[in-house]
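K.L.:
Below: one structure in structure tokens.
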Amino acid sequence: MTDNFKVRSIASGVSVIDSGYFSNDFAAIYIIKQNNKVAIIETGTTFSISNVQKALENDSLSFLDVAYIIPTHVHLDHAGGAGELMKQCQNATLIVHPRGARHLIDPTKLIAGAMAVYGEQKFKKLYGEIIPIEASRVIEADDNFILDFNGRELKFIDTPGHARHHFCIWDRQTESMFTGDTFGISYRDLDHNDEVYIFPSTSPVQFDPEELIKSIHKIMKYKPKRVCLTHFAAIRPTQKVVEQLIDGIHFVSNLAKKYATEGDAEKVIQEKMMNYFLEGIKKIGVKDLDFCRERLELDIKINTQGLIYWQKIV
């Protein structure tokens with residue numbers, strides 16, 4: 001749990017909180033309130049549940065008022081807490097991409113994969129216990145599935161590229177798109193004079209640059225007023241932002257193609273990616289590059305792993 005908990009309103013009936021995963025303002029959870037019922041987009045980890053409870057209580061609500069729990073995809077910083085949250089929210093239904101549903105109903109493979117990366121001790125520290133979800137409480141949302149959430153239309157859009165089991169959610173009422181990792185990563189403490197820096201998420205194991213760019217264009221066809229990123233919070237998707245994101249996808253893809261088979265691939269790709277991102281941040285006027293380097297370190301490490309894996313399987 002973060003030590004500076006706060007609920008931030010970003011649109012009518014929509015607020016964002018910090019999940020508390022990894023560091024402050026690293027991974028977001030969105031709460032949509034409609035006629036005293038709640039939909040939660042992203043769950044963070046098991047350790048995030050107390051922050052969700054505080055956010056609900058802040059609005060004189062409780063777990064019993066939660067109708068829907070919606071992870072954009074099943075990576076554990078987005079869905080690791082889904083089982084525990086469903087356990088607490090007895091009236092809730094989980095909505096998940098058809099390709100991801102089985103992994104939340106039986107998370108054995110998710111757990112094994114993450115433990116292989118982190119080891120058992122670090123896995124438990126990061127994610128806690130991953131609890132299975134009863135299949136009878138799960139809805140699989142295909143492309144263009146529409147949920148009537150107490151008179152508020154939420155539309156689910158299949159958006160592969162970051163992961164094949166990824167959807168985005170369009171809130172027609174506020175013209176907001178909840179984009180998970182499809183629309184990249186952009187941190188609010190790296191903003192400068194209303195300008196943002198955004199970069200792609202290429203984490204393992206299903207990065208596909210062509211599909212990702214298609215998904216970004218698919219999102220932009222809705223002309224969203226804001227895109228609600230999991231990492232982190234809402235931004236305005238200007239043409240400059242879209243171009244910056246797509247340029248970043250091309251850059252990191254070319255890095256992988258050029259260096260992924262080299263002996264020191266990981267070191268070289270990380271260094272070149274860091275320099276590219278820092279140069280982009282300098283262009284918008286941010287001066288504390290030591291802070292930026294520290295802020296981006298984990299993302300660059302994970303991005304590099306995904307890029308190298310992608311080149312092994314193409």
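K.L.:
From the list Ala28, Ala82, pick out the single residue that is over 21 Å from Ser186 (Cβ atoms) and at pLDDT 95 or above. First the steps, then the outcome.
P.N.:
On the way: Ala28 fails: over 21 Å from Ser186 (Cβ atoms).
The conditions single out Ala82.
K.L.:
Further, regarding this structure: Being open to solvent by less than 50 Å² (accessible area, probe 1.4 Å), of a type in the set (Val, Ile, Thr) and either closer than 30 Å to Glu175 by Cβ or free of Cβ contacts under 8 Å to residues at least 60 places away in the same chain (or both): is that true of Ile269 here?
P.N.:
Here the answer is yes, as Ile269 does meet what is asked.
K.L.:
Next question, about the same structure. From (1) in contact with an Asp or Glu (Cβ under 7 Å, 6 or more places away or on another chain); (2) closer than 25 Å to Ser50 by Cα; (3) part of a loop (DSSP other than H, G, I, E, B), pick out the condition that doesn't hold for Gly161.
P.N.:
In the conditions (1) in contact with an Asp or Glu (Cβ under 7 Å, 6 or more places away or on another chain); (2) closer than 25 Å to Ser50 by Cα; (3) part of a loop (DSSP other than H, G, I, E, B), Gly161 misses (2) alone.
K.L.:
May I pose another question? Starting from region 213-241, take each residue that is over 13 Å from Arg172 (Cα atoms) and open to solvent by less than 70 Å² (accessible area, probe 1.4 Å) and list its partners that are β-branched (Val, Ile, Thr) and in a helix (DSSP H, G or I), counting only C-beta distances under 7 angstrom and pairs at least six apart or across chains.
P.N.:
Ile213/Ile246; Ile213/Ile249; Ile216/Val242; Ile216/Ile246; Met220/Val242; Ile235/Val241
K.L.:
Then there is this: Does region 62-72 include one or more residues that are closer than 19 Å to Phe149 by Cα, touching a residue at least 40 places away in the same chain (Cβ under 8 Å), open to solvent by 10 Å² or more (accessible area, probe 1.4 Å) and charged (D, E, K, R)?
P.N.:
Taking every residue of region 62-72 in turn, none turns out to be closer than 19 Å to Phe149 by Cα, touching a residue at least 40 places away in the same chain (Cβ under 8 Å), open to solvent by 10 Å² or more (accessible area, probe 1.4 Å) and charged (D, E, K, R).
K.L.:
Please enumerate the residues belonging to region 1-20 that are assigned to a strand (DSSP E or B) and open to solvent by 10 Å² or more (accessible area, probe 1.4 Å).
P.N.:
So the first thing to find is which residues in region 1-20 are assigned to a strand (DSSP E or B), and the list is 8-11, 14-18.
The answer is Arg8, Ser9, Ile10, Ala11, Ser15.
K.L.:
If you don't mind, another one. For region 286-312, give me each residue that is more than 16 Å from Ala265 (Cα to Cα) and either open to solvent by 30 Å² or more (accessible area, probe 1.4 Å) or of a type in the set (D, E, K, R) (or both).
P.N.:
Of the residues in region 286-312, the ones more than 16 Å from Ala265 (Cα to Cα) are 286-299.
Result: Lys287, Asp288, Leu289, Asp290, Phe291, Arg293, Glu294, Arg295, Glu297, Leu298, Asp299.
K.L.:
Give region 50-99 a look and list any residue that's over 19 Å from Lys155 (Cβ atoms) and of a type in the set (Phe, Trp, Tyr), or say none.
P.N.:
Phe63, the sole residue that qualifies.
K.L.:
Shifting gears a bit: Is it the case that region 21-34 has a residue that's in contact (Cβ under 8 Å) with a residue 60 or more places away in the chain, assigned to a loop (DSSP other than H, G, I, E, B), open to solvent by 10 Å² or more (accessible area, probe 1.4 Å) and within 15 Å of Leu56 (Cβ to Cβ)?
P.N.:
No, region 21-34 has no match at all.
K.L.:
Separate question: Which members of region 167-201 meet the condition of being in a loop (DSSP other than H, G, I, E, B) and among the small types (Gly, Ala, Ser)? Before the answer, list the steps.
P.N.:
Taking region 167-201 first, the residues in a loop (DSSP other than H, G, I, E, B) are 172-175, 181-184, 186-187, 191, 193-194, 196-198, 200-201.
Passing the criteria: Gly184, Ser186, Ser201.
K.L.:
Report, by residue number, each residue of region 121-142 that is of a type in the set (A, V, I, L, M, F, W, C), within 19 Å of His166 (Cβ to Cβ) and open to solvent by 40 Å² or more (accessible area, probe 1.4 Å).
P.N.:
Matches in region 121-142: Ile139 only.
K.L.:
Val205 versus (1) among the aliphatic types (A, V, I, L, M); (2) open to solvent by 60 Å² or more (accessible area, probe 1.4 Å); (3) without any contact (Cβ under 8 Å) to a residue 40 or more places away in the chain: which is the lone unmet condition?
P.N.:
Looking at each condition in turn, Val205 falls short on (3).
K.L.:
Now, a different point. Within region 35-53, how many residues are open to solvent by less than 10 Å² (accessible area, probe 1.4 Å), among the β-branched types (Val, Ile, Thr) and under 21 Å from Lys124 (Cβ atoms)? Don't jump to the end; show me each part of the working.
P.N.:
So the first thing to find is which residues in region 35-53 are open to solvent by less than 10 Å² (accessible area, probe 1.4 Å), and the list is 38-45, 48, 51-52.
Filter again for among the β-branched types (Val, Ile, Thr), leaving 38, 40-41, 43, 45, 52.
Okay, now just the ones that are also under 21 Å from Lys124 (Cβ atoms), so 43, 45, 52.
Of the residues in region 35-53, 3 are open to solvent by less than 10 Å² (accessible area, probe 1.4 Å), among the β-branched types (Val, Ile, Thr) and under 21 Å from Lys124 (Cβ atoms).
K.L.:
Spot the failing condition for Tyr276; the list is (1) under 21 Å from Asn193 (Cβ atoms); (2) touching a residue at least 12 places away in the same chain (Cβ under 8 Å); (3) assigned to a helix (DSSP H, G or I), and only one is missed.
P.N.:
Every condition holds for Tyr276 apart from (1).
K.L.:
Here's a follow-up. Among the residues of region 254-265, are any without any contact (Cβ under 8 Å) to a residue 40 or more places away in the chain, touching a helix residue (DSSP H, G or I) at 6+ places or on another chain (Cβ under 8 Å) and assigned to a loop (DSSP other than H, G, I, E, B)?
P.N.:
Let us first name the residues in region 254-265 that are without any contact (Cβ under 8 Å) to a residue 40 or more places away in the chain, namely 254, 258-259, 262-264.
Those left that are additionally touching a helix residue (DSSP H, G or I) at 6+ places or on another chain (Cβ under 8 Å): 259, 262.
Right, trim to assigned to a loop (DSSP other than H, G, I, E, B) and you get 262.
Yes, region 254-265 has at least one match.
K.L.:
Quick one: Ala163 ticks every box in (1) in contact (Cβ under 8 Å) with a residue 40 or more places away in the chain; (2) over 16 Å from Thr72 (Cα atoms); (3) touching a strand residue (DSSP E or B) at 6+ places or on another chain (Cβ under 9 Å) bar one, so which box is it?
P.N.:
It fails just one condition, (2).
The values are calculated or read from the model by the stated rules, or taken from the named source; none is laboratory data. These figures come from a predicted structure and were not determined experimentally. Please note: Cβ atoms are built from the backbone with ideal geometry, for glycine as well, and neighbour counts cover all protein chains shown. Accessible surface areas use protein heavy atoms only, side chains included; no ligands, DNA or RNA. Shrake-Rupley method; radii C 1.70, N 1.55, O 1.52, S 1.80 Å.
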